[in-house]
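Read through the structure below, which is laid out as structure tokens, and then see the notes.
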Amino acid sequence: MTIKKREERLMNKSIRVSFKFMFFVFLLGAISCSKDDPVNETEINEVLARKKRTPVPYDKFSKALNKAKLQGPGSGIIKRKIKKNKKDIWVNVEKGNFSGYKSSNFYMKDNQMYFKSPKGSKKRTELRRFGDYSPSTSLTSTGNLKVHTTSHKEFTVMQLHHSGKNSPLLKIEYKAESGKNAAGFYAVNRSKPGASTSGRTKFLRGGSAAKFKIRYRPYNKKLKNGKLQARAKVSVVVNNNSKSPVQIADILQSDWGTGFYFKAGAYNQKSGSAKVSFLSLDW
């Protein structure tokens, strides 16, 4: 074997050894990073957190969430998987179980709580407040909200609903511009459970953002025969203008009975989907 060939063989062998060594070092580094290095994982989590954050850590929403459950895409309660006694179990997303929960339809971003309704008629992502209240109880719900997108003409953002009658007394809807109607928020109500809402729509506010306070206030009306009639007035305060609330309805308590509760989020009246965010929510 010539000296030149011997040198070429030694050089090729050296290159192969160097390549194997470099590959081995790279493999060790990859394994080490995947198991022990928390920096990259933290950075990734921070990026994800900036995009979609879970609502619970923000005190202003904890009060509302601790009194509610999350519904969607139909009327059922959304469930999530958690660890308990080293086992995976499914629980309702409600009260304390909101902690750490987020999805593509419910999340926190820019200090606001986002709701996105899935596509389809009557599909929703909504909070349903616990407690079915008597018609003789004063009730208040306040939401500061903004509509971001909607692919259909109308959807509901806040409701005063009734479980026993399965009928909302009041809905605050966002409607897109249609004919003579301006784009904005409208109050739609029923005089009695199951009654038509035709002709019972009032314009509240134009634009895509507003603050609404729904007020349900029971009172007694004295009749001509001297008897007292239990009634209730429903009004909406728009953008803190409490001096000029929009009067919505004046109802007989006996027509409704016990079962009132509040809802907030995105509920499709028709097909399509919608996205709304709440800067604040209280009830």
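Read-outs throughout are calculated quantities, based only on the coordinates presented, and are distinct from any laboratory measurement. This one's a predicted model, so the numbers in the text were calculated from it and none came from an experiment. Glycine also receives a Cβ, built like all others from the backbone with ideal geometry; neighbour counts cover every protein chain displayed.
Each Lys and Arg Cβ is given +1 and each Asp and Glu Cβ -1; about its Cα centre, region 57-282 then shows a dipole of about 300 debye.
Only Cα pairs under 8 Å and 6+ residues apart enter the sum, and on that basis the relative contact order of region 57-282 stands at 29 percent.
Extending 7 Å from Cα along the Cβ direction at residue 177 and again at residue 191 yields two label points whose distance is 3.4 nm.
What's the extension gain from residue 85 to residue 280 if we count 0.36 nm per residue and subtract their Cα-Cα distance?
Computed gain between residue 85 and residue 280 is 66.7 nm.
For region 146-189, no residue has its backbone nitrogen under 17 Å from a point 7 Å from the Cα of residue 103, taken along Cα to Cβ.
Would region 84-206 count as rounded, prolate or oblate if I go by the C-alpha gyration tensor, calling it rounded below 1.5 in a/c and otherwise prolate when a/b exceeds b/c, oblate otherwise? Oblate. Region 245-283 and region 133-172 have Cα centres lying 1 Å from one another. Using C-alpha pairs below 8 Å separated by at least 6 residues, the relative contact order for region 87-129 is 21 percent. Summing charges over neighbours of residue 167, with a neighbour being any other residue whose Cβ is under 9 Å away from its Cβ, gives +3 when K and R count +1 and D and E count -1.
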